[in-house]
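Data first, discussion second: the structure below is written as structure tokens.
The values are calculated or read from the model by the stated rules, or taken from the named source; none is laboratory data. Since the model is a prediction, treat every value here as computed from it, not as a measurement. We place every Cβ from the backbone using ideal geometry, glycine too, and count neighbours over all the protein chains shown. Surface areas here come from the heavy atoms of the whole protein model, side chains and all, with no ligands, DNA or RNA. Shrake-Rupley method; radii C 1.70, N 1.55, O 1.52, S 1.80 Å.
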Amino acid sequence: MAAVLRRTAAPMAAAAMFRLSAPPRHAARLARFLGGASSASSDAAVASGEFVPWHNGGGVLHRAASVDPTVVVEAGAVVHSGAVLGKDVVVGSGAVVGPSVSIGQSTRIWYNVVLSNCSVGEFCTIHNGACIGQDGFGFFVGDDGQMLHAKIGNHVEIGANTCIDRGSWRDTVIGDETKIDNLVQIGHNVVIGKCCMICGQAGIAGSATLGDYVTLGGRVAIRDHVSIASKVRLAANSSVTKDIQKPGDYGGFPAVPINEWRRQTANLRIFSKKDGGRRYLNFHVNYLVHVF
């Protein structure tokens, strides 16, 4: 019996020493995810201590990151090299703060948010799953282009799973006090003024410009390179295909002043009734000629 114990004790002790000396498997996987490196280089990164646990929250940060002592980095969150986090910032579990990112005082980053190539102002809230600063859906032929940043102002709130692309020829900008709902797409080079409100599932194509105090209803679509004046309100499901230069309420596809859109809708209903087929067809043709 003693011989059996001696034969089994030695391999068990060796295995225990190996587990203590080797970096954890999940740490190696995390390093590979962070840097896109090979297994050997990621193991070396873990062993060299480039990413270290943060004392407040249990997350991981790079030694070259600039983080205020009051910052909370929750378990599973990662802060990359070169990131700058101000006082009282909270980074939720699963969030990734990439290089070239700065976050202002008292901003709350919720779970699974991904930030890259962007600056976030003070007292902001970014909800679960939002992505800010990734490349936009634009392509250059024969030109490398210029990749810039996304700039988020102060007191901005960004809803869950909203995406904001970084700029290519100018920075993407979200003005102070702007509130953005869930599932909103904001393309590259878009500039949005202060105190705007953007409801869920709205889409703003690249290089569009919105003034201050603009309100977009749910599922509003804005074409690329369009400019919208300050204090414009767009009804749900509207589509903006050309510049809007005067404040007011707009609706329809394409978006027109709200009273005109209401008249069009009423006329379509009237002309679509019995004995109105020919009149409806003539009206529809005239309407398309007038609009386009």
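Taking the Cβ of residue 236 as the center, what net charge do the other residues with Cβ under 13 Å away carry, scoring Lys and Arg +1 and Asp and Glu -1?
Spelling it out: positives minus negatives among the neighbours equals 0.
May I ask you to rank 231, 194 by accessible area, largest first, using a 1.4 Å probe over the protein chains only?
Ranking 231, 194 by accessible area, largest first, yields 231, 194.
Give the percent of DSSP beta bridges with both residues in segment 197-256 that are antiparallel, rounded to the nearest 5. The partial results should precede the final answer.
Values: 1 of 15 bridges.
The answer is about 5 percent antiparallel.
Note the per residue figure in Å³ for the convex hull of the C-alpha positions in segment 116-275. All intermediate terms of the calculation are to be shown ahead of the outcome.
On the way: hull volume 18.3 nm³, N = 160.
Given the Cα convex hull of segment 116-275, per-residue volume reads 115 Å³.
Could you list the residues of segment 181-199 with an amide nitrogen less than 19 Å from a label point located 7 Å from the Cα of residue 137 in the Cα-to-C-beta direction?
Residues 181-192, 199 qualify, since their backbone N sits under 19 Å from the label point.
Among DSSP beta bridges lying fully in segment 116-275, give the percent that are antiparallel, nearest 5.
5 percent
Which number gives the lysine pairs in segment 116-275 that have C-alpha atoms under 29 Å apart and are eight or more places apart or on different chains?
Count of close lysine pairs: 14.
Which part of segment 172-201 falls in the paramagnetic zone of residue 123, meaning amide N under 17 Å from the point 7 Å along Cα-to-beta-carbon?
The answer is 175-180, 194-196.
Please give the contour-minus-distance gain from residue 75 to residue 249: 0.36 nm per residue of separation, less the Cα-Cα distance, rounded to one decimal in nm.
Roughly 58.0 nm would be gained on extension.
Got a sec? Charge dipole of segment 116-275, +1 on Cβ for Lys and Arg, -1 for Asp and Glu; which of 248, 164, 191 is way out at the positive end?
248
Explain nothing, just the number: dipole magnitude of segment 116-275 about its Cα centre with +1 on each Lys and Arg Cβ and -1 on each Asp and Glu Cβ, in debye rounded to the nearest 20.
Working: 16 positive and 16 negative charges, 186 e Å.
Result for segment 116-275 is approximately 900 debye, rounded to the nearest 20.
Roughly speaking, what is the stretch gain from residue 195 to residue 111, that is 0.36 nm per residue apart minus the C-alpha to C-alpha distance, in nm to one decimal?
Contour length minus Cα-Cα distance gives 27.7 nm.
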